1. What nm value, rounded to one decimal, do you get for the distance between E100 and I124 when each label is placed 7 Å out toward the C-beta?
2. Looking at the chain, which longest stretch skips every one of the chymotrypsin sites (Phe, Trp or Tyr not before Pro) that is in a DSSP loop with at most 12 other Cβ atoms within 10 Å, leaving the sites themselves out?
3. Take H139, H205, H28 and order them by how many other Cβ atoms sit within 10 Å, fewest up front.
4. What does the charge dipole of the chain about its Cα centre add up to, to the nearest 20 debye, if the Cβ of each Lys and Arg holds +1 and the Cβ of each Asp and Glu holds -1?
5. Taking neighbour Cβ counts within 10 Å as the exposure measure, how do T112, T7 sort from fewest upward?
6. Grab the beta carbon distance between L165 and F143, set R0 = 30 Å, and tell me the FRET efficiency rounded to 0.05.
7. Give me the net charge for the shell around L176: Cβ to Cβ below 12 angstrom, other residues only, Lys and Arg +1, Asp and Glu -1.
8. How long are the three semi-axes of the equivalent ellipsoid for the stretch 14-280, computed from the Cα gyration tensor as the root of 5 times each eigenvalue, in whole Å, largest first?
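What follows draws every value from the coordinates through simple rules; no lab data is involved. Just so it is clear, the structure is predicted and the values come from calculations on it, not from any experiment. FYI the Cβ positions are ideal-geometry reconstructions off the backbone, even for glycines, and counts take in every protein chain you see.
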Amino acid sequence: MVAEDNTLYILHTNNTNGALENCYCPDHPYGAIEKRSVFINNFISDHPNTLVLDAGDFFPVTNRPFLDSLIIDAYISLPYDAVLAGDQELSRENLFHYSEKLKYPFLAANLTNHSKFGLESNVIIKRGEYKIGIIGIVHPAVFRFYPNEIKENIELENPEETISLFIKENSDSLDLIISLTHQGHDNDVSLAKSISGLDIIVGSHSQTKLDSGDVVNGSLIVQAGKEGYHVGIIKIQFDDDKKIISKSAKIKTMTLDMLDDPYIMKLINSYEQKTGHINRNKLKHQKPEKWKP
């Protein structure tokens, strides 16, 4: 354990897209949730003042109920503090069945009927000496290409107004304000320009990999690519009066030489057993065990 006074870390993920593991392809030889789980737990062990957040689209792009159920089981096992519902979650008819299983807040503040889906508006978390407010929003444009029967069930209020109200009501009592956003990087930049008092935007949907984040109007905008290849790491330093003095961001790639989580590997094996879809590239990558007499 590292003693880090006046420091808070945030680990963030987005657009996992159902990737319990990845294809082991030569052009992107990266891991996914099976690596992420070990990395996050080890990071928290070394840095207890850490928040873990996800900005949505952890379900696969298409509706695949068995894989959805395995992804939820994986996410239950991960130490998230809050996750955002993306369009790939909100498009599922049985989302409430999944959301009630999660042990942490599942957010969508500007969804007018969020409680119908088992979702919450925001959450306020105490981590170490710091009080952090987290709000999640989804932009209406992300449903542009969805069929009408899905769009008719989703009524979204203005994201900027929703966040502005949260800041107005809570800024005096919070040390840090974070918005999880599902709207794409361009809209994140526009959001940051239009709002004051928003410290961090953890984005998604556009699957943008921001190696060191962007700073716009005092907001640090981050996003960690796609398919679970990366985990974003934010480091925030405060002075003794709990005022932010620095914010920095970087990306950690989940490489194939990193350790696998045995529980996630069991979920992957369950998927392979039931569907018959075997990751042949993984079999080639694995080193054969040495024979022991």
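1. About 2.8 nm separates the two model spin labels.
2. Result, exposed sites excluded: 146-290.
3. Lowest count first: H28, H139, H205.
4. For this selection, approximately 1060 debye.
5. Listing T112, T7 from fewest to most nearby Cβ atoms yields T112, T7.
6. Between L165 and F143 the formula returns 0.85.
7. Once all neighbours under 12 Å are counted, the net charge is +3.
8. Calculated on Cα positions only, the semi-axes equal 28, 23, 16 Å.
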